[in-house]
1. Can you tally the net charge around residue A:201? Count Lys and Arg as +1, Asp and Glu as -1, for every other residue whose Cβ sits under 10 Å from the Cβ of residue A:201.
2. Determine the shielding of peptide A:87-96 by partner chains: average, over its residues, the number of Cβ atoms on other chains within 10 angstrom of each Cβ.
3. Which entries of A:18/A:139; A:46/A:114; A:18/B:227; A:114/A:135 have Cα-Cα distances beyond 26 Å here?
4. For A:219, A:177, what ranking results if the residue with the fewest other Cβ atoms within 10 Å of its Cβ goes first?
5. Residue by residue through A:104-113, how many Cβ atoms from other chains fall within 10 Å of the Cβ on average?
6. Once the other residues with Cβ under 9 Å from the Cβ of residue A:236 are scored (Lys, Arg +1; Asp, Glu -1), what is the net sum?
7. I'd like the per residue volume of the convex hull spanned by the Cα atoms of chain B, given in cubic angstrom.
8. Just tell me how shielded A:76-84 is by partners: mean number of partner chain Cβ atoms within 10 Å of each residue's Cβ, no decimals.
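Derivation of every value follows stated rules applied to the coordinates shown; laboratory data play no part. Please read all numbers here as calculations on a predicted model, not as lab measurements. Don't worry about glycine lacking a Cβ; one is built from the backbone with ideal geometry, like all the others, and counts go over all protein chains shown.
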Amino acid sequence: MIELRGAGKTYRSLITRKEVHALRDFSITLQPGEVFGIAGPNGAGKTTLLALLLGYLKPTAGTIHIEQTEPRAWVERFGVAYLSELIGIPRWWKTDGTLHRYALLEDMAPTERKAKVEGLIEQLGLAEHRSKRVKQLSKGNLQRLGLAQALLSDSRLVILDEPTHGLDPLWTQRFRDVVEAERRPDRLIIIASHNLDELERLADRVAILDRGTLVRVADASDHSAEGAGVWRLVLTADHPALLTHFPGATKSAQVRELSFDVHGTIEDLNVRLQRALADGMRVRAFFPAQSRLEAAFRDAVQGGSGA
Amino acid sequence: MNGLLRYLPRHFLDLLMTRGAVMVVIGFLLTLPMSLSGVDDATPEQLMRVLREALGSMGLFYTLLASYGLVGADVRQGFYRFLFAKPVSPVSYYLLSYVATTIVFCLAIFASFGLIAVMVAPVWPGWPALGDVLADYFLVSGLVLVFSRLTNADWIFGPVILGVSALLRGNYPADQSALGKVLNVVLPPTDTGRLFPYDGGVNWEPLLIQLAYAAVLVALAMLIVRKLPMGSAR
């Protein structure tokens with residue numbers, strides 16, 4: 001559906017001619033039906049990449065096509081369900097009026113528009129804020145309004161830039177449900193986020209960007225790699241035979257007192273855990289100390305910086 | 001396009017509530033001196049002359065208020081991000097926006113007559129005076145629109161270019177030098193005189209030149225909107 005071939009974006013100062021490479025030699029093919037994540041530290045080029053996909057910027061190198069069409073022409077024809085990182089809505093608009101306005105631009109029939117707007121107001125918990133002006137909304141409510149206007153679209157392309165920014169934990173969880181509900185075989189969902197945990201839960205693949213370069217594409221849906229690594233063991237009470245059952249266990253860096261980092265493969269650790277439980281050890285939690293994506297991200301970014 | 005047409009009334013109301021309201025306030029402030037100076041002794045002819053002069057000033061102020069940042073404000077404040085993720089062409093959007101702005105401008109001018117009628121005296125300046133104001137609106141707003149995507153200070157370019165044009169046209173008449181001929185074609189028409197004489201009739205040639213020049217400016221502004229991606233820096 002989307003094909004980037006050696007795409008790059010370089011900003012050049014008019015006076016000093018100094019160049020800043022926001023994105024370099026980015027090549028990838030994205031297919032409908034997948035949820036594609038984009039991760040990277042600040043300034044990695046995530047937002048630039050999304051702006052290129054929307055035709056808000058033109059690449060200075062390479063090509064970008066959506067269904068063999070230039071991005072801007074495609075967007076003007078079909079529209080994109082887009083949530084930007086910065087929510088730009090006129091401050092004097094009211095919540096429901098905002099959604100009706102954007103629904104009009106989606107060219108919806110009046111009955112469909114009303115039903116869709118009301119449904120989204122309900123779904124995103126905006127009912128009590130429907131008459132408020134945008135300037136009166138809290139950050140979280142504004143974010144939900146931004147998400148609502150994106151979801152008005154029935155487009156085959158969904159682009160969400162830092163979608164859970166400003167959302168409380170409850171709405172962050174609900175957001176995941178929303179994304180799952182938006183999955184369709186003919187739809188490509190792209191999510192750019194700092195939140196690796198969120199990307200790991202939602203995305204099928206995650207591109208890791210660092211300083212404008214695609215460092216790695218991690219397959220977030222592949223759980224076969226969940227083998228050797230560091231796992232975190234949290235006990236309800238101290239156990240004298242901890243080191244017997246888990247040789248090399250160390251107190252984890254977390255503040256939690258009875259939290260230990262243990263090493264081994266998942267099979268090996270299961271056997272050890274079984275023995276420890278039989279020996280009277282009481283376990284509160286046992287989970288990977290670091291998500292695979294987090295590890296991939298750290299490796300990719302630190303490897304790139306030579307750290 | 002249908003969606004955009006259905007969106008237009010709400011966009012028009014936005015413009016009316018924001019820009020139209022400011023225009024009426026400016027109109028009030030411009031009318032206030034006339035009101036305070038008193039017009040009891042003035043003849044109808046004197047009143048008419050004062051009103052027509054006031055209309056000229058109002059026209060320029062209103063034009064700048066109506067057309068300022070028409071494209072640039074959306075870019076500067078990031079409104080374009082959601083707007084043009086919808087199946088909407090920015091060129092169509094801003095052309096319709098310009099139409100809505102023109103209607104707001106006309107309504108503001110008529111509202112000002114109401115203000116003048118209440119605060120000064122009920123005088124009707126006549127359609128020819130209005131025709132001249134509207135023709136000037138198209139020229140100045142066209143100039144502002146060209147610069148709207150390029151700079152935050154678009155409002156200053158219209159009056160400055162018109163001023164420079166008048167100066168250069170005065171120094172280099174078209175019938176005296178090759179440079180004058182070039183300037184006559186390139187620079188906006190500032191030597192047209194009254195397009196709609198008060199005693200009736202229409203000066204068609206300068207009117208058509210002025211309107212054609214304004215149309216070229218709007219087309220140029222739309223070309224800039226088309227070619228310069230919304231996310232690129234100004």
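1. Working: positive: A:176; negative: A:180, A:197, A:198, A:200.
Every neighbour counted, the sum reads -3.
2. On the way: counts 3, 10, 6, 6, 1, 3, 2, 0, 0, 0.
Mean inter-chain Cβ contacts per residue within 10 Å come to 3.
3. Numbers: A:18/A:139 36 Å; A:46/A:114 34 Å; A:18/B:227 23 Å; A:114/A:135 23 Å.
Listed pairs above 26 Å: A:18/A:139; A:46/A:114.
4. Details: A:219 15, A:177 10.
Least to most surrounded, the residues fall as A:177, A:219.
5. Working: counts 12, 13, 5, 10, 2, 2, 1, 0, 0, 2.
Mean partner shielding for this stretch: 5.
6. On the way: positive: A:282, A:284; negative: none.
Counting the neighbours of residue A:236, the net charge comes to +2.
7. Working: hull volume 34.1 nm³, N = 234.
Cα-based convex hull of chain B, divided per residue, equals 146 Å³.
8. Details: counts 8, 2, 1, 6, 4, 2, 5, 3, 5.
For this peptide, the per-residue mean of nearby foreign Cβ atoms is 4.
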